[in-house]
1. Does Ser453 satisfy being more than 14 Å from ligand 2 (Cβ to nearest atom), in contact with a strand residue (DSSP E or B) (Cβ under 8 Å, 6 or more places away or on another chain) and in the same structural domain as Ser316 (by TED's automatic domain parsing)?
2. In segment 375-407, which residue that is within 20 Å of Val310 (Cα to Cα) and charged (D, E, K, R) is nearest to ligand 1 (Cβ to nearest atom)?
3. Could you say whether any residue in segment 81-101 is closer than 30 Å to Val211 by Cβ and modelled with pLDDT of 80 or more?
4. Among the residues of segment 165-180, how many are under 15 Å from Ile136 (Cα atoms), exposed (fewer than 14 other Cβ atoms within 10 Å of the Cβ) and in contact with a strand residue (DSSP E or B) (Cβ under 9 Å, 6 or more places away or on another chain)?
5. State yes or no: is Leu314 surrounded by 18 or more Cβ atoms within 10 Å (Cβ to Cβ), closer than 16 Å to Val442 by Cβ and either in contact with a Cys (Cβ under 9 Å, 6 or more places away or on another chain) or touching a residue at least 40 places away in the same chain (Cβ under 8 Å) (or both)?
6. Filter segment 347-368 down to the residues that are over 15 Å from Lys439 (Cβ atoms) and more than 12 Å from ligand 1 (Cβ to nearest atom) and list them by number.
7. With respect to Glu415, determine if the residue is farther than 26 Å from Val311 by Cα, away from ligand 2 (no atom under 15 Å from the Cβ), modelled with pLDDT of 85 or more and not β-branched (Val, Ile, Thr).
Amino acid sequence: MDRQTPSLGRLIGVSALVCSPATGILLALVLTGEANPATALPAIGAIIGLTALLIRSFLGDLSLVILRMRIMTSESIEADRMEEGGPLPRLDVAQRILTAANALDRTWRKRHKVLRDQVWSDGQVLNNLPDPLLMIGTDAIVTRANEAARVLFNREPAGQEITSFLRDPNVLDTIESVLTTEESRQATWIMPGTVEREFEVRATRLPTKGVDGSLALLTLHDITALRRLEQMRADFVANASHELRTPLSSLIGFTETLAGSAKDDPEAREAFLAIMLEQAQRMQRLIEDLLSLSRIEMEEHSPPNDPVEVVRVLESVRKFLDIKARDKSMEIRIESDAALPPAIGDGDQLSQIFQNLMDNAIKYGRPGTPVMVGVALCDRGPPAMPAALRAPCLKVSVRDQGEGIGKEHLPRLTERFYRVDKARSRAMGGTGLGLAIVKHVVARHRGALTIESKQGEGTTISVFLPLHGAKRMGAVNAAE
Ligand SMILES: Nc1ncnc2c1ncn2[C@@H]1O[C@H](COP(=O)(O)OP(=O)(O)O)[C@@H](O)[C@H]1O
Ligand SMILES: [Mg+2]
């Protein structure tokens with residue numbers, strides 16, 4: 001500490017000054033003969049000496065304070081130099097304390113701002129997380145919640161007991177066990193409502209209690225879409241196997257009969273072979289539809305680029321289906337605006353979907369009525385189309401005058417294997433995959449699909465296709 005105190009001469013000078021009133025009185029007493037110089041002078045010396053010692057130790061403490069403050073304000077280089085015995089700046093002690101105090105203040109202000117900014121950005125991160133998140137404290141009271149949680153529970157959960165808005169016993173049990181014993185635990189929660197939602201709830205205990213009293217973190221991850229997808233896959237496999245198994249069983253049955261009891265019956269053989277051929281063709285159609293559906297799905301992410309003269313495609317489909325239409329005393333009529341621009345498309349896929357739509361119109365239309373195919377330019381796509389895609393497009397509608405489709409079936413018609421009347425569809429050679437193929441082709445074309453139907457009057461299915469040369473963006477929402 002010596003190095004941080006003034007020189008000995010200066011120290012004695014300062015001490016003498018501090019003690020001057022006492023030493024002055026003693027000297028006056030010596031001069032007036034009231035005090036003995038032999039005792040008074042050593043006393044003066046002792047007073048000055050003791051005072052010097054006191055000042056020296058006091059200044060030492062002050063220097064320590066300054067040194068510590070500088071270390072706290074990160075003036076570590078200076079502080080290190082002082083600790084190593086470097087010279088002190090020639091400032092007086094009070095000024096040095098003031099400078100150090102100011103520096104300390106500045107540093108704490110800076111640190112406070114950094115912390116405040118950090119807390120703010122952490123809050124932003126929490127709020128922007130797509131999954132609802134809750135922090136839970138003692139007695140299962142929510143200490144903090146993010147925006148997604150506020151939206152999900154339609155309230156401000158912070159400050160409320162979690163049981164007041166989440167009453168599932170499984171989830172509450174999970175929270176309870178994390179607040180008491182376990183590190184983390186998971187549960188599934190079905191959120192009741194008109195449309196049920198399924199969440200994966202994960203509770204995790206915090207390593208230390210948060211300043212706001214938080215003890216555990218609860219995250220809710222929406223797995224409704226995932227579950228639906230799993231269900232759809234399972235249904236698809238079950239449906240596809242069932243559809244294939246039926247004609248296969250029939251083929252096996254007839255083969256056995258032909259090899260056995262009907263062996264020598266030419267009439268039965270002829271009839272059975274015709275049925276077998278029909279069943280084999282049904283299997284073939286099903287496999288072809290399944291293959292084309294998976295092919296379309298595989299390339300759904302890459303939209304086609306080629307210009308397609310849609311009317312020309314429709315004409316060739318009409319030629320192909322003409323005989324089938326005539327068999328039902330029906331006629332396919334194409335009505336189109338003059339000089340239509342080409343659409344962007346894949347000619348083969350568009351031909352396939354128009355064939356599906358016209359085939360349905362013939363199958364489900366009333367005999368003797370026409371199938372009307374209209375092609376027109378349209379200012380913008382239907383509301384089902386994302387706003388960004390609702391540019392001018394080509395609208396192709398296929399209208400029949402059949403018995404129509406019940407309202408309740410409309411949203412599900414484009415699902416694989418969904419039919420209003422299964423037996424009827426099968427009897428007419430349908431696979432139940434036609435409209436699913438249409439939906440995926442339209443999606444690949446970044447177009448839209450609408451189905452309008454009135455029972456007893458007929459059905460109109462329209463496909464909206466982007467024009468060639470128009471700006472293309474985003475993904476598609478094929479109307480169900
Ligand atoms: N134009 C229509 N009129 C009435 N019902 C239709 C029409 N188009 C499709 N449907 C109904 O939608 C179902 C699904 O159509 P689709 O996927 O083409 O399968 P399908 O192989 O049965 O034709 C049909 O089974 C039918 O019930
Ligand atoms: Mg069909």
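1. Values: more than 14 Å from ligand 2 (Cβ to nearest atom): yes; in contact with a strand residue (DSSP E or B) (Cβ under 8 Å, 6 or more places away or on another chain): yes; in the same structural domain as Ser316 (by TED's automatic domain parsing): yes.
So Ser453 fits the description; yes.
2. Asp400
3. Just the residues of segment 81-101 that are closer than 30 Å to Val211 by Cβ, to begin with: 100-101.
Keeping just the survivors that are modelled with pLDDT of 80 or more gives 100-101.
Looking through segment 81-101, at least one residue is closer than 30 Å to Val211 by Cβ and modelled with pLDDT of 80 or more.
4. The total comes to 1.
5. yes
6. Gly347, Asp348, Ser351, Pro367, Gly368
7. no
Okay, residues lined up against (1) in a helix (DSSP H, G or I); (2) closer than 30 Å to Pro367 by Cα; (3) not assigned by TED's automatic domain parsing to the domain that holds Gly374:
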residue: Ile275; (1), (2), (3): yes, yes, yes
residue: Gln279; (1), (2), (3): yes, yes, yes
residue: Glu288; (1), (2), (3): yes, yes, yes
residue: Val317; (1), (2), (3): yes, yes, no
residue: Lys324; (1), (2), (3): yes, yes, no
residue: Ala339; (1), (2), (3): no, no, no
residue: Asp348; (1), (2), (3): yes, yes, no
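The values are calculated or read from the model by the stated rules, or taken from the named source; none is laboratory data. Since we're looking at a predicted model, the values are computed, not measured. As a convention, Cβ positions derive from the backbone with ideal geometry for all residues, glycine included, and neighbour counts pool all protein chains shown.
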